[in-house]
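Colleague: There's a structure below that I have some questions on.
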Amino acid sequence: MQVYYINLASRIDRRAFMETQLSAIGLTFTRIEAVTPNDLSAADIKRYCNSWRHHWLTPPELACWSSHLRAMSALLASDAPYALILEDDSILSERVPAFLFAFEVAAPPYDICRLEVIDGIIRYRRGLDPDIADVAMLRPYGRADGCGAYILSRRAASAILDAPRLRAIAADIILFDPYGPLRHLSMRHTDPALSVQNVVLKSPIEHSFSSDIEAARAVRYRNVWHSPWRLPYRILDALHKHVVVAVQRAWHRYIGGARRQRIRFAPR
């Protein structure tokens, strides 16, 4: 399986961390040069960073999403059916190599498989799919935050790259929302989680790996909630979340048997 990790040229500390870690567990990998806000075209900034539109991103957030799109393009340029895409603050379980090998052998019909955990409590259904390398494959019925470690199929990469409108929405909202634009794709989460972001695990190197886009995300949140002219957008979003999605969630909970469950990271 192709393994890509995304890394800014300026973050040589993270590059060293990832390459040491990946080599230690025996994975062959390719570094993807991360996009910076300075790399964005004026046209893309005008189209995707316009705060007057319903969906928009700050330039650092758009650069982050564009970096993931680079990794997806690399997958499509190869002949591999899947790729593991990593951000450079991801801590990986020792079980990842065996899992990736078994995943490729099984060739399951999954388009997006999330390996990491941030908020470990999400609504899932168990028992729908066979385990892979003693790792359960859970179908999610709630949106997950973070996009530090996930397997993507060629079909999913094509669907994302062929839909430019998705670039105005944060990467994790696109990739891990079973009620979102990619709901037609097959999504699974691993249990246990096989990756965790450095800041979540609170490891000794946490402070050197603080988020590069957290400040930009906070700017967008303040704009969304403190701009009166965005009230119609907030109403639309609330109706979608509390009416349309709420009905679907209730169906999956009471009819489908989805239950809130805690997923934990397994380092080995």
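Colleague: Extension gain residue 16-residue 239, at 0.36 nm per residue separation less the Cα-Cα distance, in nm?
Modeller: Values: separation 223, 0.36 × 223 = 80.28 nm, distance 4.57 nm.
Length gained between residue 16 and residue 239: 75.7 nm.
Colleague: Rounded to the nearest 5, what is the percent of antiparallel bridges among the DSSP beta bridges in the chain?
Modeller: Beta bridges within the chain, antiparallel portion: roughly 60 percent.
Colleague: Rank 120, 148, 256 by mean-square fluctuation in a GNM of the chain with C-alpha springs under 10 angstrom and give only the top-ranked residue.
Modeller: Looking only at 120, 148, 256, the largest GNM fluctuation is found for 256.
Colleague: Turning to a different aspect of this structure: In the full protein assembly as shown, how much of residue 1 is accessible to a 1.4 Å probe, in Å² to the nearest 10?
Modeller: Here the residue's solvent-accessible area equals roughly 50 Å².
Colleague: Given points 7 Å out from each Cα along the Cα-Cβ axis, report the residue 94 to residue 231 separation in nanometres with one decimal.
Modeller: Simple spin-label model gives 5.8 nm for this pair.
Colleague: Moving on to the next point. Which whole-number value in Å² is the accessible area per residue of the range 51-167, probe 1.4 Å?
Modeller: Result: 38 Å² of accessible area for each residue.
Colleague: Follow-up question, since we're still on this one. Between 92, 239, 166, which gets the highest mean-square fluctuation from a Gaussian network model of the chain, Cα cutoff 10 Å?
Modeller: Of 92, 239, 166, the Gaussian network model singles out 239 as fluctuating most.
Colleague: What does the charge count near residue 162 come to, summing +1 for each Lys or Arg and -1 for each Asp or Glu among other residues with Cβ under 13 Å from its Cβ?
Modeller: +4
Colleague: Here's something else I'd like to know. Once both labels are modelled 7 Å past Cα along the beta-carbon direction, what's the residue 261-residue 246 spacing in nm?
Modeller: Calculated label separation equals 2.7 nm.
Colleague: Whenever you get a sec, compute what percent of the accessible area on the chain sits on carbon and sulfur atoms (1.4 Å probe).
Modeller: Carbon and sulfur together cover 55 percent of it.
Colleague: Ok, one more. Kindly provide the pair-distance distribution of the chain built from C-alpha pairs, with 5 Å bins from 0 and whole-percent values in order of increasing distance.
Modeller: With 5 Å bins starting at 0, P(r) equals 1, 6, 12, 17, 19, 18, 14, 9, 4, 1, 0.
Colleague: Which residues' amide hydrogens lie under 5 Å from the amide hydrogen of residue 49, considering only partners 5 or more residues apart or on another chain, with H built in the peptide plane?
Modeller: Result for residue 49 returns 57.
Colleague: Here's a follow-up. With n ≥ 4 as the cut-off for DSSP H runs, can you work out [θ] at 222 nm for the chain, using -39500 (n - 2.57) per run divided by the number of residues, rounded to the nearest 500?
Modeller: After summing the helix terms and dividing by the residues of the chain, the value is -10500 deg cm²/dmol.
Colleague: Mind telling me which of 243, 199, 35 comes out most flexible in a GNM of the chain, alpha-carbon contacts under 10 Å?
Modeller: 243
The values are calculated or read from the model by the stated rules, or taken from the named source; none is laboratory data. These numbers come from a predicted model, not from an experiment. Neighbour counts run over all protein chains shown; Cβ positions are idealised from the backbone, glycine included. Heavy atoms of the whole protein, side chains included, go into the accessibility calculation; ligands, DNA and RNA do not. Shrake-Rupley method; radii C 1.70, N 1.55, O 1.52, S 1.80 Å.
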